[in-house]
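What follows is a short report on a single structure.
The values are calculated or read from the model by the stated rules, or taken from the named source; none is laboratory data. Keep in mind the model is a prediction, meaning the values are calculated, not measured. Cβ: placed from backbone, ideal geometry, glycine included. Neighbour counts: every protein chain shown. In case anyone asks, the SASA skips ligands and DNA or RNA and just uses the protein heavy atoms, side chains included. Shrake-Rupley method; radii C 1.70, N 1.55, O 1.52, S 1.80 Å.
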Amino acid sequence: MVMESNKLLEVTGLTMDFGGLRAIDQVDFSISAGEIVALIGPNGAGKTTVFNCITGIYEPTAGDVVIHAPGLAPRRINGMRANRITSLGMARTFQNIRLFPAMTVLENIMIGRHCRTSTTILDAILRTRKSVRERHETIEESYRLLAKVGLAEVANEFSANLAYGAQRRLEIARALATAPFLLLLDEPAAGMNPQETRELDELIVRIRADEQVAILLIEHDMKLVMNISDRIYVMEYGKGIAQGTPREIKENPRVIEAYLGEEVHA
Amino acid sequence: MDSEYFFELLCGGLVKGSIYALIALGYTMVYGIIQLINFAHGEIYMIGAFVAFIVSGVLTLTGYGGPTVLLLAAVIAIIYAAAYGYTLEKIAYRPLRAAPRLSPLISAIGASIFLTNYVQLAQTPDFLPFPELITDFDFMEPFSRYVSSVDLVILVVTTLTMIALTVLIKYTRVGKAMRATQQDAVMARLVGINVDRVISATFIIGSALAAIAGVLIASRTGQINSAIGFMAGIKAFTAAVLGGIGNIPGAVLGGLVLGIAETLGAGYISSAYEDVFAFGLLVLILVLRPAGLLGKAVKQKV
Amino acid sequence: MTHFKRSLVIGLWFMFLALPLMVVRVNTLNHEIEWRWANMLWLGFCAFALAWFWRASTERRAARQALGVAAGRPLLAKLSWAQRLSDDPALSRRLLLIVAAAALIFPWVVSTSQNFYHVNIMVSALIFVVLGLGLNITVGLAGLLDLGYIAFFAVGAYTYALLARNFDLGFWTCLPLGGIMAMFFGIVLGFPILRLRGDYLAIVTLGFGSITKIVLENSEELFGGAAGIAGIPRPDLFGLVLDGREKSLYSYYIVLALVALTIFVTNRLKNSRIGWAWMALREDEIACVAMGVDMARTKLSAYALGAFWAGLVGVIFAAHNNFINPDSFTFMDSAMILSMVVLGGMGSILGVIIAALALKLLPEYLRAVAEYRMLVFGAVMVLMMIFRPQGLISNLRRKYERAPADESDGHGK
Ligand SMILES: Nc1ncnc2c1ncn2[C@@H]1O[C@H](COP(=O)(O)OP(=O)(O)OP(=O)(O)O)[C@@H](O)[C@H]1O
Ligand SMILES: [Mg+2]
């Protein structure tokens, strides 16, 4: 069991309605420091909606989302604006890639630094010493992250011109640029070929070590999930139906039933 | 005395509102299907009025008269408005289906400016006297203080049109296809609906309604001008938003509410600020309740 | 159907469309009907020719692309001259110097003591350059479609006119006040509406613009009503008495300096944390917010800053013309400024300047263009969106240097 003080995110009774549709129903989960946790479930189970609820894109109908940012008191973040949540230290990627297509790869990442810098309009116009320093740091940090995800060569390309797999990695780097303590990845391997998926596998593990982030991951690629997760939560029709280690999940009859016909064993 | 004045205003507002509603239907139908504010819709209405003016002018000057002229003018106006609406969609909007959201809107604004100036150059920038095609009915004499004969025609025609539209949308193939496309264009395409054709049909129907509104309002105000589409368009858009854009009964309700609010504001406060009431209402509704009176708030899928 | 037949159908269709509006003109005064059949034939022919040409050229392009792909050659994106300019700071600096020198000498070349018509025209063109650059911040960089931008111009102009008339304040005192006043309006109006979706925002700003004009027209005692305000003092120069030409030259240099300032400030902002956030917001609002950008603050800053420039240049406009009335602040003016931004290229400083000068100067010197001006603006907006949504000068790739010693910015224009 993980120590209470190590918890980074605790979600209890999370519920989200869209009109008459209950997309998530009383979901509980938590993540502790240093963990890689996967959230799996069939299409339409409500996984992405969970992400949207805890990152402030939607305001949950009910439940509590509490984050324990390192060094800060625990905070309930239901209904908080998305940008506040990101600056508290929780960053995400999107299932349907949402880069800034007409900006270069480097600029995409630099946006991630926005909430960690404070150059004002006046600073920028007068080009104060602070703005020059911050600009410099932003560029350096962005290049560092680009190198980490293997995109340094294409730093000055428009992000729209990147291949699919590269765009996914760019999204990860952009999220990392916000200096999170918890990184949320929504189907990072979707659309990648096996080779790219294998590299992604290593990348995620490496990111956890180097950047000291915990990772919450939605993924359909079971091999990837089983390989890298410490714990797995399973959802179906908006409800949490199982949780446990990869081994436990693989043998859980309810999970096998939910995935009827799909490959759970890896 | 006071309540009589109020009643007078109320009737005027109702008539005006029913016209707004007719134009608003075109906005709402198009928005429901392709999420575009068809900024040039007001110009289609203006073109309808102009064509009616030209047809009736030609017929009157060649010696015809009476209700046949009105009918013929209205029919030709409807045909032409529909043709312009159809062409507008093909040229200015269809190539931009996949473009970022603001691109078709800018294109629509451009089309609106283009059409206004096209009519101004092809015809005249001046105000033209619209012929009195609707003659006074004798039986309306006692009520003429509140509702003129023209007003009566307007109320009857708009009511009939709206009933026809409801039937069309509820029970015909086109109508069903339109509703399906409105709910989920991708799904509609998958089940074999020709979405392009549905969109064209929407533009044609919306433009026809606008043309009817154009003929009616021109008969009421007795004059037309190439610039009338702008204001009418904005007002009708306000009506559509007021009712909840994309929502057909909402457009009718919004039109009536706007017409009445505007007339009351003009009657009790100041007629110079009539348009300000409409704009003020638009701003208020968008800020306070963007989903409109009858609309449902939907969350964007992420 | 062959191309020919299809094009023929299109030609006939347009002839049909043209029939009532372009052919018949009813003169209600002397009861005559004018038939202009030639118009219909012309339109039909032009539509046919265009359609035919268009189909042929798209087919040829498709064939060439297929060929290129088959030969295994990637379609190399041609480097535009603007991109090359942007990549080479030395070259762009040299060009900038030349343009600046030309702008400084310009009024002395084209004006005599009797005739300074061209200078006055240039002043009004440069006023629109500043307006275009200001709106470029709001629309081009931050992607907030503002259809009532001209209202902020009006705020600046009326601020000066009223302060000068009622309190005898001078031009130089009023210049910043006009900008600040417009910015204030921008913030007050902007605050409640910035949460709105893009297209709704456009309509609401259109509403604000129209309300402003109606209010100006209808309050006689405060704003002079439809007649406007006359006798607005020209800019003062240490109390010197200037003759007509000198006044124009003075206005010219003031607005030129403002153009330079606008370019300088916009360029710096564009290459800063603020500008990146604006552009990201334009590209994808949700992703931008999820990356920690405060949407309300970022939008408001773009909106207010755009308003600020309009207010500043509004003061100059009032001073240069001596006279203002609500007719200078119509929706068509907002639309014209918008088409400058659209034509020039969203966010491109150089593009917007070129577009503003072209759209303002061409109608002045070509009478034929003047008549069809708004028609052309409308068509330009539609065609640009379809064929070149990125504008004349497309989005340039900005590069960022890493070396600590080198503090050069992305030198993007
Ligand atoms: N904004 C929304 N409005 C209405 N319904 C929504 C919205 N977002 C999601 N839903 C519905 O909620 C349910 C859960 O969707 P969600 O995207 O969370 O599933 P998911 O588990 O991420 O599936 P997938 O594996 O396909 O990504 C679906 O039925 C979806 O249609
Ligand atoms: Mg999902």
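Chains C and A: how much accessible area gets covered up at their contact, both sides added, probe 1.4 Å, in Å² to the nearest hundred?
Accessible area lost upon association: around 3800 Å².
Which lysines does B:LYS235 reach when only Cα atoms under 16 Å apart count, and residues fewer than 8 places away in its own chain are ignored?
Straight-line reach from B:LYS235, under 16 Å: B:LYS16.
Normalising by the residue count of chain B, find the relative contact order in percent from Cα pairs under 8 Å and 6+ residues apart.
Contact order relative to length: 36 percent.
Tell me, what is the Rg over Rh of the range B:1-98, with Rh the Kirkwood radius over Cα pairs?
Using only Cα positions, Rg/Rh for the range B:1-98 is 1.12.
State, as an integer percentage, the relative contact order of the range C:2-70 based on alpha-carbon contacts under 8 Å between residues 6 or more apart.
Normalised by residue count, the contact order of the range C:2-70 is 38 percent.
May I ask which residue of A:LEU72, A:ILE31, A:PRO60 lies farthest towards the positive end of the charge dipole of the range A:5-98, with charges of +1 (Lys, Arg) and -1 (Asp, Glu) on Cβ and the Cα centre as origin?
Result: A:LEU72.
When 1/r is averaged over all different Cα pairs and the result inverted, which Kirkwood radius in Å belongs to the range B:96-184?
17.9 Å
Which aspartates and glutamates have a Cα lying under 15 Å from the Cα of C:LYS399, excluding residues fewer than 8 positions away in the same chain?
A:GLU107, A:GLU140, A:GLU153, A:GLU157, C:ASP87, C:ASP88, C:GLU407, C:ASP409
Could you check how many percent of all C-alpha pairs in the range A:126-201 are farther apart than 21 Å?
35 percent
So, for the range C:2-70, what is the accessible surface per residue at a probe of 1.4 Å, expressed in square angstrom?
69 Å²
Could you pull the accessible area for A:VAL154 with a 1.4 Å probe, rounded to 10 Å²?
The value for A:VAL154 is about 40 Å².
With a 1.4 Å probe, how much accessible area is buried between chains C and B, both sides summed, in Å² to the nearest hundred?
Summed over both sides, the interface buries about 5100 Å².
Can you give me the accessible area per residue for the range C:256-413, using a 1.4 Å probe, in Å²?
Per residue, the range C:256-413 has 33 Å² of solvent-accessible surface.
Less than 9 Å Cβ to Cβ from A:SER118, Lys/Arg counted +1 and Asp/Glu -1: what total charge do the surrounding residues give?
+1
If you add up the charges near A:VAL205, with Lys and Arg at +1 and Asp and Glu at -1, over every other residue whose beta carbon is less than 13 angstrom from its beta carbon, what do you get?
Taking every other residue near A:VAL205 into account, the sum is -3.
Return the FRET efficiency for the residue pair C:GLU364, A:LYS130: r is the Cβ-Cβ distance, R0 is 45 Å, and the value is rounded to the nearest 0.05.
Efficiency, rounded to the nearest 0.05: 0.45.
Might you report the magnitude of the Cβ-based charge dipole of the protein assembly as shown about its Cα centre, with Lys and Arg at +1 and Asp and Glu at -1, to the nearest 20 debye?
2280 debye
List every DSSP H helix in chain B whose Cα atoms extend 20 Å or more along the helix's own long axis and whose mean Kyte-Doolittle hydropathy is at least 1.0.
Taking the DSSP H segments of chain B (at least 20 Å long, mean hydropathy at least 1.0), we get B:2-34, B:41-61, B:67-88, B:102-122, B:149-171, B:195-221, B:228-243, B:248-268, B:274-288.
Grab the eigenvalues of the alpha-carbon gyration tensor for the range C:111-387, scale each by 5, take roots, and send me the semi-axes largest first in whole angstrom.
With the √(5λ) rule applied to the range C:111-387, the semi-axes are 30, 21, 18 Å.
Averaged across orientations, what area in nm² does the convex hull of the alpha carbons in the range B:11-288 project?
Seen from a random direction, the Cα hull of the range B:11-288 projects 15.4 nm² on average.
Using a probe of 1.4 angstrom, how much of the accessible area of chain C is carbon and sulfur, in percent?
Percent of accessible area from carbon and sulfur atoms in chain C: 68.
Give the accessible surface of chain B per residue, rounded to a whole number of Å², with probe radius 1.4 Å and ligands, DNA and RNA excluded.
42 Å²
I'd like the per residue volume of the convex hull spanned by the Cα atoms of the range B:78-229, given in cubic angstrom.
Output value, Cα hull per residue: 142 Å³.
What residue among A:ILE207, A:ASN193, A:ALA179 has its Cα farthest toward the positive end of the dipole of the range A:170-211, where the charges are +1 on Lys, Arg and -1 on Asp, Glu, each on the Cβ?
A:ALA179
Please list C:MET181, C:MET122, B:MET178 in order of solvent-accessible area, largest first, computed with a 1.4 Å probe with all protein chains present.
C:MET181, C:MET122, B:MET178
Under unit Cβ charges (Lys, Arg +1; Asp, Glu -1), what dipole magnitude, rounded to 20 debye, does the range C:111-387 have relative to its Cα centre?
It works out to roughly 500 debye.
In whole angstrom, and with the biggest value first, how far do the Cα coordinates of the range B:162-302 range along each principal axis?
So the extents along the principal axes, rounded to whole Å, are 54, 38, 25.
What's the carbon and sulfur percent of the range B:11-288's accessible surface, probe 1.4 angstrom, rounded to a whole number?
Answer for the range B:11-288: carbon and sulfur cover 68 percent of the accessible area.
What is the sum of charges around C:LEU201, taking Lys and Arg as +1, Asp and Glu as -1, for the other residues whose C-beta is under 12 Å from the C-beta of C:LEU201?
Taking every other residue near C:LEU201 into account, the sum is +1.
Looking at chain A from every direction and averaging, what is the projected area of its Cα convex hull in nm²?
15.2 nm²
Treating only the Cα positions of the range C:2-70 as identical point scatterers, give the base-10 log of I(q)/I(0) from the Debye formula at each q in 0.16 Å⁻¹.
-0.64
Ranked from the most accessible area to the least, with a 1.4 Å probe and all protein chains present, what is the order of C:ILE105, C:ILE121?
Of C:ILE105, C:ILE121, the descending order of accessible area is C:ILE105, C:ILE121.
If the reach is capped at under 24 angstrom between alpha carbons, list the lysines near A:LYS239, excluding any in the same chain fewer than eight residues apart.
By straight Cα distance, A:LYS239 reaches A:LYS7, A:LYS47, A:LYS223, A:LYS250, B:LYS299, B:LYS301.
Quote the relative contact order of chain C in percent (integer), defining contacts as alpha-carbon pairs under 8 Å separated by 6+ residues.
Here the relative contact order equals 23 percent.
Could you work out Rg/(2.2 N^0.38 Å) for the protein assembly as shown, with Rg from alpha carbons only?
Its radius of gyration relative to the 2.2 N^0.38 Å reference: 1.02.
What ranking of B:THR60, B:THR68, A:THR138 comes out by heavy-atom accessible area, probe 1.4 Å, highest first?
B:THR68, B:THR60, A:THR138
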